[in-house]
Amino acid sequence: MEMTNKMPKLWNPAAESMDRGELAELQLDKLKRQLIRVYEQSPYYTAKFDKAGVDPAKLKSFADYQHFPFFDKDEERESQEDSKRQQGHPLGLHITCDIRQVNRLSSSSGTTGAPTFSGFTKADRDVTAENMARALVRIGIEPGDMVMHASVMSMWIAGLPILDAMLDYGACVIPVGALSGVERVAQIGVETHPKLIACTVSFAQHIVKTMKERTGVDPADLGIEKLVVFGEPGGSIPEIYKPIEAAFGGATVYDLMGATGCHSPTGIACEAHAGIHYFAEDNAHFEICDPETMQSLPLEDGVEGEIVYTGLDKECAPLIRWRDKDIIQVTMSPCECGRPGPRMTFKGRVDDMLLVRGVNVFPNAVRDVINKVSELTTGNMRIVKPGPEPVVPPPVPIKVEIQAGVPEERRRALADDLITAIRNHLRFRAEIEFIEEGQFELIKGTTGKTKLVEEAG
Ligand SMILES: [Zn+2]
């Protein structure tokens with residue numbers, strides 16, 4: 001793609017291409033008001049801030065904000081358990097509005113414990129709609145365009161809340177859902193020819209794999225020009241999105257991201273697939289923190305760390321300094337598409353991160369490198385760590401499943417290639433043990449994802 005001086009269309013250019021100095025002023029002003037509000041309206045926050053020795057009225061800079069305490073999943077769960085007992089609702093003691101102002105509930109999937117809830121007031125729904133409009137304009141969707149929502153119509157944030165915001169934008173929404181499977185998507189798709197389909201990455205893959213065989217309808221014939229995918233990181237991984245684009249006859253896949261505790265969506269990728277453009281800094285503030293010290297890092301090109309969110313406009317129950325546990329790399333340099341703002345690349349989950357002599361290693365990144373090096377492997381692999389701690393001394397043992405019938409000599413060369421690629425891309429020393437195809441016992445983790453790490457023994 002060539003560099004262009006023409007700025008692609010934006011929904012809210014004043015907010016989306018604000019000068020960074022002006023943006024920081026606006027964020028600080030909103031932040032201070034939000035902190036004072038939660039401190040005054042929620043005894044939970046009063047106690048939390050008092051305990052940390054911070055006073056919102058005295059906040060003068062983002063450096064001061066460093067002293068405010070984080071908020072994490074365990075605290076959220078506890079606050080919601082307490083509000084169920086004390087106030088008869090599950091939104092947490094950190095609620096900062098009248099419970100009767102809450103207009104819609106969302107909930108986490110609850111796969112890793114009891115579900116947690118977020119409430120949205122009418123004002124919160126309006127900010128969500130604003131952010132969705134920003135996303136849709138960026139990818140060339142206009143009011144009246146047919147948009148198929150093929151995701152479970154549930155309380156999940158990418159279920160009904162996204163649908164709600166698409167309706168608000170004025171798109172012609174086709175809420176086909178995902179539960180009736182590819183058959184229904186094919187049947188309705190053939191009749192309506194939507195311009196866009198919004199679904200999870202895995203549902204898009206499922207369509208690619210099964211639709212033609214099961215229904216006789218080739219996804220390429222549906223006339224879909226754009227796919228908005230969410231829920232999993234695959235939408236930015238070429239090995240995943242390229243086959244989807246090809247199967248839909250040259251459609252473009254756009255990876256959509258949200259920010260917990262804010263008004264999702266907060267970012268969408270562009271045609272250049274060069275990271276997700278974060279477009280909501282005026283309402284969804286983020287910090288990048290050093291994963292070991294949790295110190296907020298300066299927002300420089302290439303900075304990487306755990307992302308921490310604060311919903312500046314969240315009315316119902318703001319999560320102040322929410323630890324999202326995602327490791328994100330931020331690109332500040334301009335994108336070739338001409339759209340403004342920082343871009344984000346997902347690197348992995350904090351909980352999955354291994355430490356190899358000071359280097360942060362993500363198992364998914366190791367798998368990606370192995371998959372790129374050779375087609376003789378099968379995509380299955382396991383990093384072996386010595387114990388429950390995330391520390392692994394090098395050389396790091398990695399079991400790699402290999403296809404049947406690869407001769408010994410070829411294996412030795414392949415092991416060397418893998419070790420070199422891992423050292424070059426991920427900066428640590430590995431030791432490869434090949435596992436015969438079919439011998440690998442595939443253990444699924446609690447989230448349904450294949451486990452990439454095992455403990456020795
Ligand atoms: Zn771009």
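Every read-out reported here was derived from the displayed coordinates using simple, explicitly stated rules and does not represent laboratory data. As the structure is a computational prediction, the values presented were derived from the model and not from experiment. Methodologically, a virtual Cβ is constructed for each residue, glycine included, from the backbone with ideal geometry; neighbour enumeration extends over all protein chains shown.
Worth a mention:
- Excluding the site residues themselves, the longest part of the chain lacking any trypsin sites (Lys or Arg not before Pro) in a DSSP loop with at most 10 other Cβ atoms within 10 Å is 61-457.
- Taking the centroid of alpha carbons for each part, the stretch 98-150 and the stretch 316-358 are 21 Å apart.
- When only Cα pairs below 8 angstrom with a gap of at least 6 residues are kept, the chain shows a relative contact order of 12 percent.
- Per-residue ellipticity at 222 nm computed for the chain from its helices equals -10000 deg cm²/dmol, with DSSP H segments shorter than 4 residues left out and the rest contributing -39,500 (n - 2.57).
- Antiparallel %, DSSP beta bridges [both residues in the stretch 314-457], to 5: 55 percent
- The antiparallel fraction among DSSP beta bridges confined to the chain stands at about 60%.
- Summarising the amide proton neighbourhood of Arg357: residues at separation of 5 or more, or on other chains, whose placed amide H is nearer than 5 Å comprise Val392.
- Only Lys, Arg (+1) and Asp, Glu (-1) charged, at Cβ; the stretch 354-455 dipole about Cα centre in debye: 440 debye
- Long-range amide H partners of Phe71 with built H, under 5 Å: Trp322, Arg323
- Exceeding the 29 Å Cα-Cα cut-off - candidates Lys9/Lys122; Lys347/Lys399; Lys6/Lys314: Lys6/Lys314
- Environment charge at Arg125 (Cβ cut-off 9 Å; Lys +1, Arg +1, Asp -1, Glu -1): -2
- For the stretch 383-393, putting each phi into the Karplus relation 6.51 cos²θ - 1.76 cosθ + 1.60 with θ = phi - 60° gives couplings of 8, 9, 10, x, x, x, 5, x, 7, 10, x Hz, in residue order, rounded to whole numbers and with x for Gly and Pro.
- The order of Cys270, Cys262, Cys335, going from fewest to most other C-beta atoms within 10 Å of their C-beta, is Cys335, Cys270, Cys262.
- Computed from phi, the 3J(HN,Hα) profile of the stretch 295-310 under the Karplus parametrisation 6.51, -1.76, 1.60 (θ = phi - 60°) reads 7, 5, 9, x, 7, 9, 4, x, 5, 9, x, 6, 8, 10, 10, 9 Hz, with x in place of Gly and Pro.
- Positive dipole terminus of the stretch 1-349, leading residue within Pro115, Phe71, Ala133 (C-beta point charges): Pro115
- At R0 = 41 Å, FRET efficiency that the Cβ-Cβ distance of Glu40 and Arg20 yields, to 0.05: 0.85
- Remark: the chain carries a charge dipole of roughly 420 debye about the Cα centre, counting +1 on each Lys and Arg Cβ and -1 on each Asp and Glu Cβ.
- Taking Cβ atoms as reference points and 15 Å as the exclusive limit, the residues near Ala415 contribute a net charge of -2, counting Lys and Arg as +1 and Asp and Glu as -1.
- Spatial offset of the stretch 215-238 relative to the stretch 368-444 amounts to 31 Å, using the alpha carbon center of each.
- Label-to-label distance, nm, for residues given as Glu213 and Leu167 (7 Å Cα→Cβ offset): 3.7 nm
- Reachable lysines, given that their alpha-carbon falls under 20 Å from the alpha-carbon of Lys212 and they are not under 8 places away in the same chain: Lys195, Lys226, Lys242
- Shape class of the chain from the alpha-carbon gyration tensor: oblate, with a/c at 1.5 or above and b/c at least as large as a/b.
- Net length gained if the chain between Gln86 and Lys58 were fully extended (0.36 nm per residue, minus Cα distance): 7.0 nm
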